[in-house]
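J.: Could you have a look at this structure, given as C-alpha coordinates, before my questions?
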Amino acid sequence: MNLIDTLPFMGGLLLVSLTLMGLSSPMKTGQLSRNSLIGIKTRHTLASDRAWQKAHEVAAPLVSLAARVGLFLLVCAVIMCLVQQFSIAFALTALGYIATISLLLWSARVANTAAKNISSREAFSGEE
(Lines give C-alpha, C1' and ligand atoms only; values in the text may rest on other atoms or scores of the structure.)
Protein backbone atom coordinates (compact mmCIF):
# COMPACT_ATOMS: atom_id res chain seq x y z
CA MET A 1 0.00 0.00 0.00
CA ASN A 2 1.30 3.47 -0.87
CA LEU A 3 0.11 7.07 -0.94
CA ILE A 4 -1.07 6.88 -4.56
CA ASP A 5 -3.37 3.97 -3.69
CA THR A 6 -4.74 5.66 -0.58
CA LEU A 7 -5.40 9.25 -1.72
CA PRO A 8 -8.38 8.64 -4.04
CA PHE A 9 -10.07 6.56 -1.34
CA MET A 10 -9.51 9.37 1.15
CA GLY A 11 -10.73 11.98 -1.33
CA GLY A 12 -14.03 10.15 -1.69
CA LEU A 13 -14.58 10.14 2.08
CA LEU A 14 -13.78 13.86 2.19
CA LEU A 15 -16.35 14.54 -0.53
CA VAL A 16 -19.03 12.45 1.20
CA SER A 17 -18.35 14.02 4.61
CA LEU A 18 -18.41 17.59 3.30
CA THR A 19 -21.63 16.92 1.38
CA LEU A 20 -23.28 15.55 4.52
CA MET A 21 -22.04 18.51 6.53
CA GLY A 22 -23.58 20.86 3.98
CA LEU A 23 -26.91 19.01 3.98
CA SER A 24 -27.34 18.70 7.74
CA SER A 25 -28.07 22.40 8.32
CA PRO A 26 -30.88 22.73 5.73
CA MET A 27 -32.33 19.46 7.01
CA LYS A 28 -32.39 20.75 10.58
CA THR A 29 -33.89 24.15 9.74
CA GLY A 30 -36.54 22.86 7.32
CA GLN A 31 -34.97 24.49 4.27
CA LEU A 32 -34.70 21.19 2.40
CA SER A 33 -38.02 21.03 0.59
CA ARG A 34 -39.41 17.86 -0.93
CA ASN A 35 -37.63 17.25 -4.22
CA SER A 36 -36.56 14.51 -6.63
CA LEU A 37 -32.80 14.88 -6.18
CA ILE A 38 -31.70 14.83 -2.54
CA GLY A 39 -33.13 13.73 0.77
CA ILE A 40 -34.40 10.63 2.50
CA LYS A 41 -36.97 9.16 0.15
CA THR A 42 -39.29 6.52 1.50
CA ARG A 43 -43.00 5.99 1.03
CA HIS A 44 -43.64 7.71 4.36
CA THR A 45 -41.28 10.68 3.92
CA LEU A 46 -42.77 11.41 0.51
CA ALA A 47 -46.35 11.18 1.78
CA SER A 48 -46.63 14.88 2.62
CA ASP A 49 -44.58 18.03 3.09
CA ARG A 50 -45.08 17.82 6.84
CA ALA A 51 -43.81 14.23 6.95
CA TRP A 52 -40.81 15.21 4.79
CA GLN A 53 -39.89 18.15 7.05
CA LYS A 54 -40.28 16.20 10.30
CA ALA A 55 -38.31 13.24 8.94
CA HIS A 56 -35.39 15.39 7.89
CA GLU A 57 -35.48 17.40 11.08
CA VAL A 58 -35.09 14.29 13.24
CA ALA A 59 -32.47 12.76 10.91
CA ALA A 60 -30.28 15.89 10.77
CA PRO A 61 -28.30 15.22 14.00
CA LEU A 62 -27.34 11.74 12.79
CA VAL A 63 -26.37 13.07 9.36
CA SER A 64 -24.23 15.71 11.06
CA LEU A 65 -22.66 13.02 13.26
CA ALA A 66 -21.92 10.90 10.18
CA ALA A 67 -20.12 13.86 8.61
CA ARG A 68 -18.09 14.57 11.76
CA VAL A 69 -17.11 10.92 12.25
CA GLY A 70 -16.05 10.69 8.60
CA LEU A 71 -13.95 13.84 8.89
CA PHE A 72 -12.40 12.73 12.19
CA LEU A 73 -11.33 9.37 10.77
CA LEU A 74 -10.07 11.13 7.67
CA VAL A 75 -7.87 13.42 9.78
CA CYS A 76 -6.53 10.34 11.57
CA ALA A 77 -5.81 8.77 8.17
CA VAL A 78 -3.95 11.90 7.03
CA ILE A 79 -1.81 11.76 10.17
CA MET A 80 -0.99 8.13 9.38
CA CYS A 81 -0.01 9.16 5.84
CA LEU A 82 2.33 11.79 7.25
CA VAL A 83 4.18 9.09 9.19
CA GLN A 84 4.07 6.81 6.12
CA GLN A 85 1.67 4.26 7.58
CA PHE A 86 -0.40 3.98 4.42
CA SER A 87 -2.03 0.64 5.26
CA ILE A 88 -3.32 2.06 8.54
CA ALA A 89 -4.49 5.20 6.71
CA PHE A 90 -6.37 3.04 4.22
CA ALA A 91 -7.95 1.04 7.04
CA LEU A 92 -9.00 4.22 8.88
CA THR A 93 -10.55 5.56 5.70
CA ALA A 94 -12.44 2.30 5.18
CA LEU A 95 -13.65 2.54 8.78
CA GLY A 96 -14.79 6.09 8.01
CA TYR A 97 -16.89 4.84 5.10
CA ILE A 98 -18.38 2.05 7.21
CA ALA A 99 -19.23 4.40 10.08
CA THR A 100 -20.66 7.06 7.77
CA ILE A 101 -22.84 4.64 5.85
CA SER A 102 -24.02 2.97 9.07
CA LEU A 103 -25.02 6.33 10.56
CA LEU A 104 -26.81 7.28 7.34
CA LEU A 105 -28.78 4.05 7.38
CA TRP A 106 -29.69 4.70 11.01
CA SER A 107 -30.76 8.26 10.15
CA ALA A 108 -32.96 6.94 7.33
CA ARG A 109 -34.65 4.54 9.72
CA VAL A 110 -35.23 7.29 12.29
CA ALA A 111 -36.56 9.61 9.58
CA ASN A 112 -38.89 6.97 8.18
CA THR A 113 -40.29 6.23 11.64
CA ALA A 114 -40.97 9.92 12.27
CA ALA A 115 -42.58 10.33 8.85
CA LYS A 116 -44.67 7.20 9.38
CA ASN A 117 -46.02 8.65 12.62
CA ILE A 118 -46.92 11.91 10.85
CA SER A 119 -48.53 10.02 7.95
CA SER A 120 -50.54 7.88 10.36
CA ARG A 121 -51.82 10.94 12.20
CA GLU A 122 -52.69 12.68 8.94
CA ALA A 123 -54.53 9.61 7.66
CA PHE A 124 -56.40 9.23 10.95
CA SER A 125 -57.45 12.87 11.07
CA GLY A 126 -58.14 13.10 7.33
CA GLU A 127 -55.50 15.80 6.76
CA GLU A 128 -53.21 15.92 3.75
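Here's the yes/no breakdown for (1) modelled with pLDDT of 95 or more; (2) within 16 Å of the chain's Cα centre (by Cα):
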position	(1), (2)
Leu82	yes, no
Ala91	yes, no
Gly96	yes, yes
Trp106	yes, yes
Ala111	yes, yes
Ala115	yes, no
Ser120	no, no
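J.: Determine which single condition Cys76 fails, assuming it passes every other condition in (1) of a type outside the set (Gly, Ala, Ser); (2) surrounded by fewer than 19 Cβ atoms within 10 Å (Cβ to Cβ); (3) in a helix (DSSP H, G or I); (4) touching a Lys or Arg at 6+ places or on another chain (Cβ under 8 Å).
T.: (4)
J.: Looking at the structure I just gave you, is Ala66 of a type outside the set (Val, Ile, Thr), in a helix (DSSP H, G or I) and under 17 Å from Leu3 (Cα atoms)?
T.: On the way: of a type outside the set (Val, Ile, Thr): yes; in a helix (DSSP H, G or I): yes; under 17 Å from Leu3 (Cα atoms): no.
In short, no.
J.: Please specify each residue of region 111-128 satisfying the condition of being surrounded by 16 or more Cβ atoms within 10 Å (Cβ to Cβ) and hydrophobic (A, V, I, L, M, F, W, C). Full working, then the answer.
T.: Filtering region 111-128 for residues surrounded by 16 or more Cβ atoms within 10 Å (Cβ to Cβ) gives 111-112, 114-116, 118-119.
Scanning region 111-128 gives Ala111, Ala114, Ala115, Ile118.
J.: Of the numbered conditions (1) in contact with a Lys or Arg (Cβ under 9 Å, 6 or more places away or on another chain); (2) free of Cβ contacts under 8 Å to residues at least 24 places away in the same chain; (3) not β-branched (Val, Ile, Thr), Ser17 satisfies every one except a single condition; which is it?
T.: (2)
J.: How many residues are surrounded by 20 or more Cβ atoms within 10 Å (Cβ to Cβ), polar (S, T, N, Q) and part of a helix (DSSP H, G or I) if we restrict to region 1-47?
T.: Summing the residues that are surrounded by 20 or more Cβ atoms within 10 Å (Cβ to Cβ), polar (S, T, N, Q) and part of a helix (DSSP H, G or I) in region 1-47 gives 3.
J.: Now for a separate question. Within region 59-96, track down each residue that is among the aromatic types (Phe, Trp, Tyr) and closer than 30 Å to Gln31 by Cα.
T.: Here is the first cut: in region 59-96, the ones among the aromatic types (Phe, Trp, Tyr) are 72, 86, 90.
Within region 59-96, Phe72 is the sole residue that qualifies.
J.: Find all pairs meeting these conditions: Cβ atoms under 7 angstrom apart; at least six residues apart or on different chains; first residue within region 52-66 and among the polar types (S, T, N, Q); second residue at pLDDT below 95.
T.: Gln53/Gly30
J.: Output the number of the condition that Lys41 fails; it satisfies all remaining conditions of (1) at negative phi; (2) in contact with a helix residue (DSSP H, G or I) (Cβ under 8 Å, 6 or more places away or on another chain).
T.: (2)
J.: In this structure, does Ala91 turn out to be within 24 Å of Ile38 (Cβ to Cβ) and surrounded by 15 or more Cβ atoms within 10 Å (Cβ to Cβ)?
T.: Working: within 24 Å of Ile38 (Cβ to Cβ): no; surrounded by 15 or more Cβ atoms within 10 Å (Cβ to Cβ): yes.
For Ala91, the condition - within 24 Å of Ile38 (Cβ to Cβ) and surrounded by 15 or more Cβ atoms within 10 Å (Cβ to Cβ) - is not met.
J.: Checking the conditions here, which among Ala51, Ala55 is touching an Asp or Glu at 6+ places or on another chain (Cβ under 8 Å) and of a type in the set (A, V, I, L, M, F, W, C)?
T.: Numbers: Ala55 fails: touching an Asp or Glu at 6+ places or on another chain (Cβ under 8 Å).
Criteria check complete, one pass: Ala51.
The values are calculated or read from the model by the stated rules, or taken from the named source; none is laboratory data. Model, not experiment: these values are computed from the prediction. Neighbour counts run over all protein chains shown; Cβ positions are idealised from the backbone, glycine included.
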